[in-house]
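A quick write-up on the structure given underneath.
The values are calculated or read from the model by the stated rules, or taken from the named source; none is laboratory data. Keep in mind the model is a prediction, meaning the values are calculated, not measured. Note that each Cβ is placed from the backbone with ideal geometry, even for glycine, and that neighbours are counted across all protein chains shown.
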């Protein structure tokens, strides 16, 4: 589900802006670090964890929006490679800033008090927090589906994916739209990072690690396809967990083979649509 | 053209004189630059000349490095044979990978090359009994006749100069011109009866085999190999070198490699935050000098002429 949250942000950005955002993993990492920071600041306040999640994901959204407006928006007229490398330069810059501010040690955030326990389902115990994340992820998926398919804004966003020039000439402020989409995408990455902080160690290098998994998810599901991202996240999750059970040594090889096979057969992903020329 | 050749000759002579400085630091740095420079130029055959953005060039670098090292260490093959095997393995790998990749275009091409290079990485990482996995392959010995840093420097210089000469001949041949045509307009090239995919595949293989040569040199140079060499940031790094130097000129990537490695050497001795500086340089470059260092110099020259 974390993969889904983060990947849907990346997929959204690619679908509309046609930019493959390497810095997405960095947003995720900083989201986790900020959550750590905020939880330790507000340790006295009740529900401090939720406050921290909210604040850090919003900060990431703002950072993302500012980056898009100030820098990335100037590169749309250039070749794709330039945009790709710019986001890669962000990975390096943000990664080092995180190291300067938070050091290189492992940090962790304790689970929120409400979800400390475990639930029994079919005789198996599941941590309550993980269940909560699954429900939250599905909820966000549903909200996005409604917004994209049932509202005026959603229609505009889908139109931008198909033909941005036409949309611009119809009087929609495409520049603003791009900034908003990028901000939402960054927010999703920040939220993913914030929510993962209680169950994973926060370390430098988690940005590079997550981004490759997220790439796999969106490639399998289809870049720019919303349900495809959900499917991709499920497939990757299954392959990782079952692969480790059956052939532990080949599990990672298999993931990349899967990615390559999908790209060869259906480059636009299982549920995606081919790019308009 | 003739003037440029003289300049190159002088440069090679100067490079050949470097070991006389007796400074191990500069010999070391020089070897490193030559190796990475060849790697970057090999990538640029795809990037700048054919217009294919490969995000998995580290795979062939790694294939070359591991082929040479494993043949020497596990099969005790003599060094010259093991070394020659590296580009062959690189070309073979590129043939298989390229066969699938050239069917895709643009961003999907980049993603698929990335996927394949990650497959190669994962195999190397997990195949403990052969490659040593995460602990790497250590104790790769120089053959005795190359066992000093100055001698190895000369060997590297010879190999790199020869490789660059061959690559330059390729680029300036009708075949190379055709690659540039493909870059400019693949559809039109197809219309005049050129098998675009075949040309791209051949370019892919040439690029892969020269990357493998640089990888093999790298392996012996460092006496050891780790799977990290094949991980994707390595591919990104060599892309950055090409862009930094200028991807539309033949020697651009070499200049990029030299500048980047020198800067890294200088920066890491003072601070550990090298990626921060590199990232900033890259971002500035993309905004202000998209043609890289050599592209910028070329612009200056054109500008000067135009003013007259």
Q. If you check B:41, B:13, which single one turns out to be at negative phi, surrounded by 24 or more Cβ atoms within 10 Å (Cβ to Cβ) and part of a helix (DSSP H, G or I)?
A. B:41
Q: Output the residues belonging to segment A:98-123 that are surrounded by fewer than 16 Cβ atoms within 10 Å (Cβ to Cβ), part of a helix (DSSP H, G or I) and modelled with pLDDT of 75 or more.
A: A:100, A:101
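If I ask for residues that are touching a helix residue (DSSP H, G or I) at 6+ places or on another chain (Cβ under 8 Å) and under 18 Å from residue A:4 (Cα atoms), which ones from segment A:235-248 would you list?
Within segment A:235-248, the subset touching a helix residue (DSSP H, G or I) at 6+ places or on another chain (Cβ under 8 Å) is A:235-237, A:239-240, A:243-244, A:247.
Once the filter is applied, which keeps residues that are touching a helix residue (DSSP H, G or I) at 6+ places or on another chain (Cβ under 8 Å) and under 18 Å from residue A:4 (Cα atoms), segment A:235-248 yields A:235, A:236, A:237, A:239, A:240.
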Q. Do we have residue B:205 as within 21 Å of residue B:52 (Cα to Cα), modelled with pLDDT of 85 or more and in contact with a helix residue (DSSP H, G or I) (Cβ under 9 Å, 6 or more places away or on another chain) here?
A. yes
Q | Tally of residues being surrounded by fewer than 22 Cβ atoms within 10 Å (Cβ to Cβ) and either away from every other protein chain (no Cβ under 13 Å) or not in a helix (DSSP H, G or I) (or both) across segment A:57-97 | A | 12
Q.
When you check residue B:258 against the structure, is it on the phi < 0 side of the Ramachandran plot, more than 14 Å from every other protein chain (Cβ to nearest Cβ) and over 17 Å from the mean Cα position of the chain (by Cα), yes or no?
A. no
(Q) I'd like to check something: does segment B:188-195 contain any residue that is within 21 Å of residue B:116 (Cβ to Cβ), assigned to a helix (DSSP H, G or I) and either touching a helix residue (DSSP H, G or I) at 6+ places or on another chain (Cβ under 7 Å) or at pLDDT below 80 (or both)? (A) no
Q. Hey, among the residues in segment B:212-225 that are modelled with pLDDT under 80 and surrounded by fewer than 24 Cβ atoms within 10 Å (Cβ to Cβ), which one's farthest from the other protein chains (Cβ to nearest Cβ)?
A. B:223
Q | Qualifying residues in segment A:124-142 (those that are farther than 15 Å from residue A:191 by Cα and modelled with pLDDT of 80 or more) - the one surrounded by the fewest Cβ atoms within 10 Å (Cβ to Cβ) | A | A:142
**Q.** residue A:178 under 25 Å from residue B:107 (Cβ atoms), at pLDDT below 85 and in a helix (DSSP H, G or I)
**A.** yes
Q. Does residue B:63 satisfy the criteria of being part of a helix (DSSP H, G or I) and at pLDDT 85 or above?
A. yes
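Listed here are the residues, each with its yes/no results for (1) in a helix (DSSP H, G or I); (2) under 21 Å from residue A:57 (Cβ atoms).
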{"position": "A:142", "(1), (2)": "yes, yes"}
{"position": "A:159", "(1), (2)": "yes, no"}
{"position": "A:171", "(1), (2)": "no, no"}
{"position": "A:189", "(1), (2)": "yes, yes"}
{"position": "A:192", "(1), (2)": "yes, yes"}
{"position": "A:223", "(1), (2)": "no, no"}
{"position": "A:240", "(1), (2)": "yes, no"}
{"position": "A:244", "(1), (2)": "yes, no"}
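Per-residue answers, yes or no, for (1) at pLDDT 85 or above; (2) outside any helix (DSSP H, G or I); (3) more than 8 Å from chain A (Cβ to nearest Cβ); (4) closer than 18 Å to residue B:197 by Cβ:
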residue: B:108; (1), (2), (3), (4): no, no, no, yes
residue: B:112; (1), (2), (3), (4): yes, no, no, yes
residue: B:116; (1), (2), (3), (4): yes, no, no, yes
residue: B:122; (1), (2), (3), (4): no, no, no, no
residue: B:125; (1), (2), (3), (4): no, no, no, no
residue: B:155; (1), (2), (3), (4): no, no, yes, no
residue: B:160; (1), (2), (3), (4): yes, no, yes, no
Q: Hey, can you tell me all the residues within segment B:261-274 that are free of Cβ contacts under 8 Å to residues at least 40 places away in the same chain and more than 13 Å from every other protein chain (Cβ to nearest Cβ)?
A: B:263, B:266, B:269, B:270
Q) Does residue B:233 qualify as being in a helix (DSSP H, G or I) and free of Cβ contacts under 8 Å to residues at least 12 places away in the same chain? A) yes
Q. Is one or more of the residues making up segment A:247-263 in a helix (DSSP H, G or I) and away from chain B (no Cβ under 13 Å)?
A. no
